[in-house]
1. When the Kirkwood radius is taken over all Cα pairs of the stretch 109-184, what Stokes-Einstein diffusion coefficient follows at 20 °C and 1.002 mPa s, in µm²/s?
2. Starting with the fewest neighbours, write out 40, 48 ranked by other beta-carbon atoms found within 10 Å of each beta-carbon.
3. Quick check: convex hull of the Cα atoms in the stretch 20-192, volume per residue, rounded to a whole Å³?
4. Would you mind ranking 351, 344, 224, 52 by Cβ crowding within 10 Å, fewest neighbours first?
5. May I ask you to derive the relative contact order of the stretch 93-189, considering only C-alpha pairs under 8 Å and at least 6 residues apart, and to give it as an integer percent?
6. Taking neighbour counts of Cβ atoms within 10 Å as a proxy for exposure, in what order, fewest first, do 322, 241, 86 appear?
7. Would you list the P(r) distribution for the stretch 218-396, with all Cα-Cα distances sorted into 5 Å bins from 0 and each bin expressed as a whole %?
8. For the stretch 234-323, taking Cα atoms only, what is the radius of gyration to one decimal and the Dmax to the nearest whole Å?
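FYI, it's all coordinate maths here, none of it is from the lab. For clarity, every value in this text was computed on a predicted model and none was experimentally measured. Please note: Cβ atoms are built from the backbone with ideal geometry, for glycine as well, and neighbour counts cover all protein chains shown.
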């Protein structure tokens, strides 16, 4: 059977059913699945391959550095295109390549390049998927649906990845991720759908330079306050996530408690995303403020809890708080900036998150090494307190039109 006939059969009986709406949701799910697998199991895979803790730290920080470097520019690229199909194909291909190279050659360099590929892909996909979703579903439903499937992909990726790693091997988890990503990629290749992005671009978006788009976003007091709030909160949070498993063990917990606590927060976040998007659209920056307050309370709870098991109920608040924080920031940005620079604004948000993850992880590890785990949590409490104050002051100074 010739290649042309294979493509015809796939179109006729296979992947042609993936409409643009289903396709973008599937891309979000499979991408989140892969990132969860890498986050959970790449350190173990690297350790088993003879890579040192320092090498593992470099591999992980590379992803965030690359993402923060490319995010704004690729977000601006999103604003300049009317058809996103080729961008989606490129980003998914980079993610599949990242899985392939570490399975074929488990070395420091292969894992480093894998994280570089993923950083570029994430910088492109994060604003792209959300702007497409807003185009297809509207602001509230679009952000809510995408964040729901991102969270479900992360949740299922962690669980299925663990089962596959236990029954087969760590390498098989990365192979499975590549196979899942190939489904939306093949659909994009054989489909004639363009994933059109027409909002506001007929006269404005295509002619906006990178510096002009970036300057417009930064000049917005609301947008700037959102970025500062997100950066402060996420820096503190990522300081804790860097030592979180070790802290749970310090409190007397085991791997089961670590896994359950992570799953609880992810699941709650997934289930609450749709409701959070509705609240964000209705209340604007108040949602961001509430999410920041919940994050502050979570880390206070971590500080005060005497045993690891008591961390699990705190994770419910973490899941709700992260949902409010993330969609509150995204929806507020989309509504504040012009339609033609949504990608740039969301790209800058991704940069803020990635920079915070890089800096926070370094601070968290340093404080835990020099002082103790609770010093890291105290830093997170301080950072979230500052983020909360910035958000409250911004909410009082600005008035986001909610109608």
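1. Values: Rh = 14.2 Å.
Once the numbers are plugged in, D ends up at 151 µm²/s.
2. On the way: 40 19, 48 12.
Ordered by Cβ neighbours within 10 Å, fewest first: 48, 40.
3. On the way: hull volume 17.7 nm³, N = 173.
About 102 Å³ per residue, rounded to a whole number.
4. Details: 351 23, 344 33, 224 15, 52 11.
Exposure proxy ranking, most exposed first: 52, 224, 351, 344.
5. Working: 63 pairs, mean separation 32.3, N = 97.
The value is 33 percent.
6. Numbers: 322 26, 241 18, 86 12.
Listing 322, 241, 86 from fewest to most nearby Cβ atoms yields 86, 241, 322.
7. The distribution over the stretch 218-396 is 1, 9, 17, 21, 21, 14, 9, 5, 2, 1, 0, given as percents.
8. 13.6, 42
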